[in-house]
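These notes concern the structure reproduced below.
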Amino acid sequence: MTTNTITRRPTTHDAIVVGGRVAGAATAMLLARRGARVLVLERGSRGADTLSTHALMRAGVLQLARWGVLERVAAAGTPAIREVRFHHPGETITVPVKPGPGYEGLCAPRRTVLDPILLDAAEEAGAEVRFGATVRTVERDAAGRVTGVSGRLRDGRTFSATAPVVIGADGTRSLVARAVDAPVLARGVATTAVVYGYFTGVEARGYEWCFAPGAAGGLVPTNDGETLVFAGVPGPAFRDRMAGDVEAGFWSVLEEVTPAVAERVRDGRLRGRFRSFPGMPGYLRRSHGPGWALVGDAGYFKDPITAHGMTDALRDAELAADAVTAFLGGAGEHGALAAYQARRDGLSADLFRVTEAIAAHASDPVRLKELLIELSVSMSAEVEELSSRPPMAPTLAA
Ligand SMILES: Cc1cc2nc3c(=O)[nH]c(=O)nc-3n(C[C@H](O)[C@H](O)[C@H](O)COP(=O)(O)OP(=O)(O)OC[C@H]3O[C@@H](n4cnc5c(N)ncnc54)[C@H](O)[C@@H]3O)c2cc1C
């Protein structure tokens, strides 16, 4: 789909990316590597933390490897994950992680590690990144086409920028999605609420996912010798079971899900405070329109129980960058961006469906195991698609 020359228009940039985390930083990096003049506007600060349980799945790690940034993630001390354990009532199943093209195992980098690595790579490729820049308005012309953005810097100054395409990578509360009134194509209903903390002294050689009727938990080894431990319940149960006292709620739910794992965690030491997420139903939004596109959570969110949001953001960053590059190179906008949406939706349909079913927390152990296998099959489809692509699309002429 990529063409060889970007058709320059009289705008300050070729693409404006709103939001500078996994989705935005990766999209900006890919576009800049292909020769586009990219502006990233991020209201937060470089390296700021955010809610996440960090687990990357095969397609996410594959993307980092294909883009040549996985080494940086490893160099930051992110442990390699070589097995995944599934704890069901009375049974533990261990699955070794099969090495893939360019990676030996999975990994779960802290967001304070992953997001800056991707932003650095975007800047190295020539993207301009502005922190403390909050987009407040999406500008449109008389025909309704998005033409740019305006907003406010942290020091109170205002800014505006124009580009042929504005990419909303601004998360679940996406201002861009709201401004363009992006239609919702699918809605989820199931939610998981989680409480999590970072522990030292808890040995976990790989991801450990724990399931029991009406509750779940997990161990995710991350940077600095810490293991993220979470306990979760269906969203509607959060208020009664966890919200009042998140620490007590965390321990009681973890004990209920798997007493053996809870005992191992009790031997460790909590670093910092517990964090909580009350749950949010999933959605799939239309991902494009005249002058705009959405990538990452801005366009597609699903319950975090399947730990797949970042992986999908990394996958879709490339699909979106391909489409935008084609458009900037002179291809028809609608056709190019519709192809992005078709691929995103095709690869997401099963993941979305299975995530909904797991997040309902209503499956008996036999059905749950079937769902986990279905999840793995959907993940294999993503890996197959991405590994069949060239390591890096060719750089475009300036
Ligand atoms: C509790 C929890 C656990 C999770 N665990 C996992 C997991 O284990 N594995 C996994 O793969 N996924 C997980 N996810 C999902 C994952 O966090 C998201 O899918 C991922 O963060 C999406 O990245 P993003 O770049 O699209 O959005 P975000 O990470 O939300 O980044 C959006 C950025 O946009 C910026 N922004 C927003 N509005 C504006 C504006 N107006 N102007 C400028 N900047 C703006 C924000 O400051 C933010 O930095 C989890 C989510 C939650 C809530």
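Table for the structure above
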{"quantity": "Cα-centred dipole magnitude for the chain, charges only on beta-carbon of K, R (+1) and D, E (-1), debye, nearest 20", "calculated": "1020 debye"}
{"quantity": "Convex hull projection area averaged over all views, the chain, Cα basis, nm²", "calculated": "18.3 nm²"}
{"quantity": "Residue-span extension gain [R82 to T172] - 0.36 nm each, minus C-alpha spacing", "calculated": "29.3 nm"}
{"quantity": "Charge dipole of the chain about the Cα centre (unit charges at C-beta), most positive-ward option of G156, V22, T227", "calculated": "G156"}
{"quantity": "Residue with peak Gaussian network fluctuation, the chain [Cα springs, cutoff 10 Å], from L119, L314, L368", "calculated": "L368"}
{"quantity": "Debye-sum result for the range 192-277 in log10 I(q)/I(0), which assumes one identical scatterer on each alpha carbon, at q = 0.11, 0.27 Å⁻¹", "calculated": "-0.24, -1.44"}
{"quantity": "Per DSSP, loop trypsin sites (Lys or Arg not before Pro) in the range 116-185 with at most 15 further Cβ within 10 Å", "calculated": "R145, R154, R157, R173"}
{"quantity": "Part-to-part distance (alpha-carbon centres) for the range 160-207 and the range 1-61, which is given in Å", "calculated": "15 Å"}
{"quantity": "Residue order, fewest to most beta carbons within 10 Å, for S160, S363", "calculated": "S160, S363"}
{"quantity": "Cα centroid separation, the range 244-260 to the range 93-118 (Å)", "calculated": "27 Å"}
{"quantity": "Binned Cα-Cα distances of the range 287-385, short to long, each 10 Å bin given as a whole percent", "calculated": "15, 43, 26, 12, 3, 0"}
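Each reported figure results from applying straightforward, stated rules to the coordinates on display, with no laboratory input. Source: prediction; values computed, not measured. Virtual Cβ from ideal backbone geometry, glycine too; neighbours counted across all protein chains shown.
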